[in-house]
Amino acid sequence: MTVEVFEMKLSKLGRNLKSSLIRDLLKYATVPGAISFGGGAPDPETFPRKELAEIAKEIIEEDYRFVLQYIPTEGDIELKREILKLLNDVYGINDLDEDNVLVTNGSQQALDILGRIFLDENSYVVVERPSYLGALNAFYTSFPHFISVPLESDGIDVNYLERVLRELDEKGEVGKLKFIYVVPNFHNPAGVTMSLEKRKALVDLAEKYDVFIVEDDPYGALAFDEKPPMPVFKIGGLDRVILLNTFSKVLAPGLRLGVIIAEKDIIRKAVMAKQSADLCGSGLNQRLVARFLQRYNLAEYLKPTVETYRKKRDAMIEALEKHLAPKGARWNRPGGGLFMWVELPEGYDTMEMLDIAKEKLVFYIPGAAFLVDSINCHSMRLSFCLPPVEKIYEGVERLARVMETYKEEKGL
């Protein structure tokens, strides 16, 4: 079959699918001697491998009729109850039951499901600028119209958002806006946290224009300095907010466990979408995490993990101050999470500069990957969670040499 015939056979989606830049860069990161600030892979030394191994042996031997069998699409009832308990214990959210919860195959499946049940070619969706690449990729498959709203140091620019919503309303198209997607805590990729005032203002706007908010919170439990404000979900409630979370960053990504918390009609639609995708999740992994949560206090367990990432953040800031600040780079100081957003001086194209970085065996994600429009971008996302502290210092020094080489080649 020729390439031309193959292309003709593909659907519109098939023709427009794009590989994830982050996934592509991971293969380079395994090259001997490479230092990667690219993916958001957690430090494996934080995984509770001994505890999980003991529980796994136990449940395979004793609960094999459940853990090795097909399970309900909605997820393991024990895990759902533990998730509800966490929401109550941590945030005081106690007006939910198991029918408000869908366990997904990682948070990425949750994003894909929401895209499929809400978005189509006539839809609008608001995303932040920059926004999480995985969400953009999931939503792209439905071909919606993206509206990107700038991020500020304390979260989404609510004044800009209000102007956008007012313009849509004046055109009679605000009903086509399906949801506003935000990552309020330790943003990926920008590292910022949305203030309480902006969370309240966001809910007020969503109420005024009758639109959903999708609150994606993978990093809220990884606070270094102070806990983030109350969730948007707690402010807006079930009628207005859909909450996404995951165990990938707090336990282990290999468990592939995410969760959608939403109004029951939304969950029912999401369950139907999940049935057509994978029928059900892993009973083994879900019961494994349920037992872990029953036996261990997650907040106590996470204290060493948070301290590990705090030290790595501080090491990266120290390295940036030494090697990149003299070259005109600027960055934020994230209060938690796994990422930093670094802006280089005008004239640097970090996508173009990536070729030099590959030669010097240091990897980052160009800022353009997190934008819905293809433009030259002088920003980059750096992840500090995976490399050891000494490699963070070395990697940032390599980035400085990358900048020097690029500057010489471009005559900046």
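The values are calculated or read from the model by the stated rules, or taken from the named source; none is laboratory data. All values derive from a computational prediction rather than experimental measurement. Ideal geometry is used to build each Cβ from the backbone, glycine not excepted, and the neighbour counts take in all protein chains shown.
Considering region 368-384 alone, what residues qualify as being part of a loop (DSSP other than H, G, I, E, B) and surrounded by fewer than 23 Cβ atoms within 10 Å (Cβ to Cβ)?
The answer is LEU371, VAL372, ASP373, SER374, ILE375, ASN376, CYS377, HIS378.
This table checks each residue for (1) out of contact with any helix residue (DSSP H, G or I) (no Cβ under 7 Å at 6 or more places or on another chain); (2) surrounded by fewer than 23 Cβ atoms within 10 Å (Cβ to Cβ); (3) under 17 Å from ARG333 (Cβ atoms).
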site	(1), (2), (3)
ILE156	no, no, no
ARG163	yes, yes, no
GLY172	yes, yes, no
HIS187	yes, no, yes
ALA190	yes, no, yes
SER195	yes, yes, yes
ALA201	no, yes, no
VAL211	yes, yes, no
ASP225	yes, yes, yes
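Residue by residue, here is whether (1) modelled with pLDDT of 95 or more; (2) out of contact with any Pro (no Cβ under 7 Å at 6 or more places or on another chain); (3) more than 30 Å from ARG310 (Cβ to Cβ); (4) of a type outside the set (D, E, K, R) holds:
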position: LEU161; (1), (2), (3), (4): yes, yes, yes, yes
position: PHE186; (1), (2), (3), (4): yes, no, no, yes
position: VAL192; (1), (2), (3), (4): yes, yes, no, yes
position: LEU196; (1), (2), (3), (4): yes, no, no, yes
position: LEU202; (1), (2), (3), (4): yes, yes, no, yes
position: ALA223; (1), (2), (3), (4): yes, yes, no, yes
position: LYS227; (1), (2), (3), (4): no, yes, no, no
position: VAL232; (1), (2), (3), (4): yes, no, no, yes
position: GLY236; (1), (2), (3), (4): yes, yes, yes, yes
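Condition check ((1) touching a strand residue (DSSP E or B) at 6+ places or on another chain (Cβ under 7 Å); (2) within 22 Å of SER148 (Cβ to Cβ); (3) among the hydrophobic types (A, V, I, L, M, F, W, C)) across all residues:
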{"residue": "PRO345", "(1), (2), (3)": "no, no, no"}
{"residue": "GLU359", "(1), (2), (3)": "no, no, no"}
{"residue": "ILE375", "(1), (2), (3)": "no, yes, yes"}
{"residue": "ARG381", "(1), (2), (3)": "yes, yes, no"}
{"residue": "CYS385", "(1), (2), (3)": "no, no, yes"}
{"residue": "GLU390", "(1), (2), (3)": "no, no, no"}
{"residue": "VAL396", "(1), (2), (3)": "no, no, yes"}
{"residue": "LEU399", "(1), (2), (3)": "yes, no, yes"}
{"residue": "LYS407", "(1), (2), (3)": "no, no, no"}
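In region 132-154, which residues are free of Cβ contacts under 8 Å to residues at least 60 places away in the same chain, part of a loop (DSSP other than H, G, I, E, B) and crowded, with 16+ Cβ neighbours inside 10 Å?
SER142, PRO144
Do you know which of the residues in region 308-317 that are touching a residue at least 40 places away in the same chain (Cβ under 8 Å) and not hydroxyl-bearing (Ser, Thr, Tyr) is surrounded by the fewest Cβ atoms within 10 Å (Cβ to Cβ)?
Filtering region 308-317 for residues that are touching a residue at least 40 places away in the same chain (Cβ under 8 Å) and not hydroxyl-bearing (Ser, Thr, Tyr), the one surrounded by the fewest Cβ atoms within 10 Å (Cβ to Cβ) comes out as LYS311.
Can you work out which of the residues in region 246-271 that are in contact (Cβ under 8 Å) with a residue 60 or more places away in the chain and over 27 Å from ALA223 (Cα atoms) is surrounded by the most Cβ atoms within 10 Å (Cβ to Cβ)?
ALA270
In region 224-239, what residues are of a type in the set (Asp, Glu) and within 25 Å of PHE384 (Cα to Cα)?
If the condition is that a residue be of a type in the set (Asp, Glu) and within 25 Å of PHE384 (Cα to Cα), then ASP225, GLU226 are the ones that fit.
To keep it simple, each residue is scored yes or no on (1) in contact (Cβ under 8 Å) with a residue 24 or more places away in the chain; (2) outside any loop (DSSP other than H, G, I, E, B).
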site: GLU162; (1), (2): yes, yes
site: ARG166; (1), (2): no, yes
site: PHE186; (1), (2): yes, no
site: ALA190; (1), (2): yes, no
site: THR193; (1), (2): yes, no
site: LYS198; (1), (2): yes, yes
site: ALA201; (1), (2): yes, yes
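Please enumerate the residues belonging to region 168-184 that are under 18 Å from PHE212 (Cα atoms), part of a loop (DSSP other than H, G, I, E, B) and more than 24 Å from the chain's Cα centre (by Cα).
Of everything in region 168-184, those that are under 18 Å from PHE212 (Cα atoms), part of a loop (DSSP other than H, G, I, E, B) and more than 24 Å from the chain's Cα centre (by Cα) turn out to be GLY172, GLU173.
Evaluate region 335-343: report whether one residue or more is crowded, with 20+ Cβ neighbours inside 10 Å and in a helix (DSSP H, G or I).
No, region 335-343 has no match at all.
Where in region 16-131 are there helices (runs of 4 or more DSSP H), lying wholly inside it, with at least 1 residues that are within 30 Å of ALA290 (Cβ to Cβ) and at pLDDT 95 or above?
49-62, 64-67, 77-91, 106-118
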